[in-house]
Amino acid sequence: MAECLVNKQAPLFELNAVMPDKTFGKVALEDIMNEGKWTVLFFYPMDFTFVCPTEITALSDRYDEFEELNAVVIGVSTDSIYTHLAWINTERTKNGIGQLNYPLASDHNHVVSRKFGVLIEEEGIALRGLFIISPDGEIQYQVIHHNNIGRDVDEVLRVLQALQTGGLCPANWRPGQSTL
C-alpha cells in the first residue's frame, strides 16, 4: 500500500473531472507543471459521506489563498464524474458540497490512487492522502491518514508556504518568520 513518495517524481496523470463551472473536463499534472504551478493533490474516500464534504468545502472556501501561492488544488476519489456532479449539485445543507472552486476528478479505474499508494484495494476507495507537488513535478510533501479524520487547511497552506521558501523551516514555523 502506501510508500514514501517524497523527493520522487510524481506519477503523471490525466483524469476526467468536474470543473468549477460544472462542465466535464480533464486535469493533467503535466499541464499544471507546464504552467509553472504547484499542485495540491488530495484523495478522499467517496462522495456523499460525512467527513469528506467538510474538508472539500473548506479547501474550496480558501481556494483564493492557494491561487495567491501559485498552486492548483485537485480533489480525487474513485467515484465517477457523474456522482461528483450530483454531489456538487446538492446543497451543502443537504450533505452536498455545492459550488467548488477547483476540479473534482474521478479515478474510477483506481490507477492514480494505486500509483500514489492510497488505494484500499479490497474496498475500491482511497485513503485520505494529500500530496504537494512542486512545479517541476517532485513530490515534496505527503500525508496519508485514517479516513475518519479530515485535513486542516491552515496546515496545508502553512506547509505549502514553507516549501516555497526553499529554506529550512523549524518546528512551528509560520509564514513571515525567518528560516534557519
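To check you understand DSSP bridge types, tell me what percent of the beta bridges within the chain (both residues inside) are antiparallel, rounded to 5.
Values: 22 of 31 bridges.
So the antiparallel bridges in the chain amount to around 70 percent.
Express in nm, to one decimal, how much length is gained between residue 136 and residue 91 on full extension, taking 0.36 nm for each residue of separation and deducting their alpha carbon distance.
Numbers: separation 45, 0.36 × 45 = 16.20 nm, distance 3.72 nm.
That pair, residue 136 and residue 91, stretches by 12.5 nm at full extension.
Given a 1.4 Å probe, how much area per residue of the stretch 22-180 is accessible, in Å²? Let's see the in-between values first.
Numbers: 7360 Å² over 159 residues.
Here the per-residue accessible area is 46 Å².
Return the carbon/sulfur percentage of the accessible area of the stretch 1-57, one whole number, probe 1.4 Å, all protein chains in place.
Values: 1590 of 2900 Å².
The nonpolar share, carbon plus sulfur, comes to 55 percent.
Roughly how big is the chain's charge dipole about its Cα centre, with Cβ charges of +1 (Lys, Arg) and -1 (Asp, Glu), in debye to the nearest 20? Don't skip to the answer; put the middle values down first.
Working: 13 positive and 24 negative charges, 38 e Å.
Taking the Cα centre of the chain as origin, the dipole is about 180 debye.
What net charge is computed for the residues neighbouring residue 153, neighbours being all others with C-beta under 11 Å from the C-beta of residue 153, Lys and Arg scored +1, Asp and Glu -1? All intermediate terms of the calculation are to be shown ahead of the outcome.
Working: positive: 62, 151, 158; negative: 55, 61, 65, 152, 154, 155.
Taking every Cβ under 11 Å from that of residue 153, the sum is -3.
In cubic angstrom, how much convex hull volume per residue do the alpha carbon atoms of the chain span?
Values: hull volume 20.5 nm³, N = 180.
Dividing the Cα hull volume of the chain by its residues yields 114 Å³.
Which helices of the chain meet both criteria: a Cα extent of 15 Å or more along the helical axis and a mean Kyte-Doolittle score no lower than -1.0, with helices taken as whole DSSP H segments? Don't jump to the answer; show the numbers that get you there.
Values: long enough: 153-165 (18 Å, 0.51).
Helices passing the filter in the chain: 153-165.
Given +1 on the Cβ of Lys and Arg, -1 on the Cβ of Asp and Glu, and no further charges, what dipole in debye does the stretch 18-63 carry about its Cα centre, rounded to the nearest 20?
On the way: 4 positive and 7 negative charges, 8 e Å.
Its charge dipole is roughly 40 debye.
Using mean Cβ contacts within 10 Å as the protection proxy, how do 170-179, 33-42, 19-28 order, highest first? Display every interim value, and only then the final one.
Values: 170-179: 10.0, 33-42: 17.6, 19-28: 13.8.
The most tightly packed comes first, giving 33-42, 19-28, 170-179.
Pull up the cross-link candidates among the aspartates and glutamates for residue 94, meaning alpha carbon to alpha carbon under 20 Å and not fewer than 8 places away within one chain.
47, 55, 61, 79
The values are calculated or read from the model by the stated rules, or taken from the named source; none is laboratory data. Note that the coordinates shown come from a computational prediction; the quantities given were computed from them, not determined experimentally. Don't worry about glycine lacking a Cβ; one is built from the backbone with ideal geometry, like all the others, and counts go over all protein chains shown. Accessible surface areas use protein heavy atoms only, side chains included; no ligands, DNA or RNA. Shrake-Rupley method; radii C 1.70, N 1.55, O 1.52, S 1.80 Å.
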